[in-house]
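Asks: Below are the structure tokens for one structure; questions will follow.
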């Protein structure tokens, strides 16, 4: 069975940082989804290296993506370059956080 990138994205959209009412996909925290056979590598970041929920969210990403049909292994790579900024957020996230008039 081939893994659908959209299936991975749909799962990522169910994961929220408890401090921010926007999912990690729309926040722009996911930089890349690499799929090869039954393996998935998620490259992601956080808004700050001091995020208190970092370990829990990394584990949640791995566990959630592992449940997608056809996925046998998941690796989550945490990166800090390029640094996250508000321009990575989706329009929906900017609306949710009332950032639409910021000129992004």
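Asks: Which condition breaks for residue 3 when tested against (1) more than 26 Å from residue 99 (Cβ to Cβ); (2) modelled with pLDDT of 95 or more; (3) surrounded by 14 or more Cβ atoms within 10 Å (Cβ to Cβ)?
Replies: (2)
Asks: Could you check region 38-56 and list, in sequence order, the residues that are more than 24 Å from residue 99 (Cα to Cα) and either in contact with a helix residue (DSSP H, G or I) (Cβ under 7 Å, 6 or more places away or on another chain) or in contact (Cβ under 8 Å) with a residue 24 or more places away in the chain (or both)?
Replies: Passing the criteria: 38, 39, 40, 41, 42, 43.
Asks: May I ask you to list the residues in region 14-37 that are loosely packed, with under 14 Cβ neighbours inside 10 Å and either in a loop (DSSP other than H, G, I, E, B) or out of contact with any strand residue (DSSP E or B) (no Cβ under 9 Å at 6 or more places or on another chain) (or both)?
Replies: Correct list: 14, 18, 19, 21, 36, 37.
Asks: Also: From the list 41, 8, 3, which residue is assigned to a strand (DSSP E or B) and in contact with a strand residue (DSSP E or B) (Cβ under 6 Å, 6 or more places away or on another chain)?
Replies: 41 is the lone residue from the list that is assigned to a strand (DSSP E or B) and in contact with a strand residue (DSSP E or B) (Cβ under 6 Å, 6 or more places away or on another chain).
Asks: Quick check, is residue 71 assigned to a loop (DSSP other than H, G, I, E, B), touching a strand residue (DSSP E or B) at 6+ places or on another chain (Cβ under 8 Å) and surrounded by 13 or more Cβ atoms within 10 Å (Cβ to Cβ)?
Replies: It is true that residue 71 is assigned to a loop (DSSP other than H, G, I, E, B), touching a strand residue (DSSP E or B) at 6+ places or on another chain (Cβ under 8 Å) and surrounded by 13 or more Cβ atoms within 10 Å (Cβ to Cβ).
The values are calculated or read from the model by the stated rules, or taken from the named source; none is laboratory data. Please read all numbers here as calculations on a predicted model, not as lab measurements. Heads up, the Cβs are rebuilt from the backbone with ideal geometry, glycines too, and the neighbour counts pull from every protein chain shown.
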